[in-house]
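The block underneath contains the structure these notes are about, expressed in C-alpha cells.
Every read-out reported here was derived from the displayed coordinates using simple, explicitly stated rules and does not represent laboratory data. This is a predicted model, so every value here is computed, not measured. For neighbour counting, all protein chains shown are included, and Cβ atoms are generated from backbone atoms with ideal geometry for every residue, glycine included.
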Amino acid sequence: MQQESKKPLISSLLSVVLTLAGLVLVVAAALNWDASSWAERVWFVAFAMTFVIRVPYSARNRKNKIAESRSGAVEQWLLAAMFLAMMLLPMLHLAGRVFTFADYHLPDWAAAVGALLQLPYLWLFWRAHADLGRNWSPGLELREDHTLVTGGVYAHMRHPMYAAIWLGAIAQPLLIQNWIAGFLVIPAFAAMCLIRIPREEAMMKKRFGDAYDVYMAQSGAIIPSFHRHSRTL
C-alpha cells in the first residue's frame, strides 16, 4: 500500500518540477527574444496561444469526476516525452542556444509554410477543445456522464486534437531548424499516436459499444472523412 501511495506522489512532484522548469524556460526564451529568428518567434507565439486555448478547459475539467482512467506508466511516459519534445527542448534552445551544433538551414519558403501551418493548427486545436467541452481530458480518462461527441469537427474525424498537434509538429522543424529542438517532436508524437490511439479507441468501444463502431465507420481517425456524415449517437 505504501508503494502504491508513493507512485501518485512521485508523479505529482515530477509534474510540478517539469511545469516549473517549463515556466522558467518560457521566461528565459522571451528574454532572449532578440536572438531568435522571425520563424522561431512565430513558433513561440503559437506555442503561447496553445496555452491560452487549453488553460480554461484544463481548469474547468479538473473538477470532473473520473469514472475510468488508463493513465498508467506508459501513458505518463508518453506525455513526458511529448512535453520534452514539444516544449522543454525548444524553449531550452531558444533560451540559451544550447543545441546550435544540431542546426540545419532551410529556404525561406519552408519557414513560411511552417508559419502558415500555425493557422489551421491553432484553429483545429481550439475547435477540438470547444466541441469536446467537459469530455476533454489530457489523459486517457472517461468522466462520469461522459458523452460520445460526433458533432462539429468530430463529425469527420475521431481525433482532431491529434490532427491539430500533427500540424504543429510538422511546423515545428520548419520554424525551429534544429534536429533536437525542432525535428525530434515528429518521431516523439508518431510514437505517441501509434501507442495511444488504439488504447483510446479500445476504451471508447468498451464504453459506447455499437455506437462507437457506427461512429468509426462514419469518420476518419486523423484524416477527415467527408463521404459520410455522422449523426448524434
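Laid out as a table, the results:
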item	result
Pairwise FRET efficiency - Leu116 versus Arg60, Cβ, R0 = 35 Å, nearest 0.05	0.65
Filtered chymotrypsin sites (Phe, Trp or Tyr not before Pro), the range 54-143: DSSP coil and at most 12 other beta carbons within 10 Å	Tyr104
Virtual spin-label span in nm between Arg41 and Lys206, 7 Å along Cα→Cβ	4.9 nm
Cα-based helix-to-principal-axis angle, 38-61 vs the chain, degrees rounded to 10	30 degrees
Degrees separating the helix 108-132 axis from the principal Cα axis of the chain, which is the longest one	30 degrees
Net length gained if the chain between Ala30 and Ile170 were fully extended (0.36 nm per residue, minus Cα distance)	48.1 nm
Degrees separating the helix 160-175 axis from the principal Cα axis of the chain, which is the longest one	10 degrees
Size of charge dipole - the range 2-218 - debye, nearest 20, with Cβ of Lys, Arg +1 and Asp, Glu -1, no other charges	560 debye
Relative contact order computed over the chain (Cα-Cα under 8 Å; 6+ residues apart), in percent	26 percent
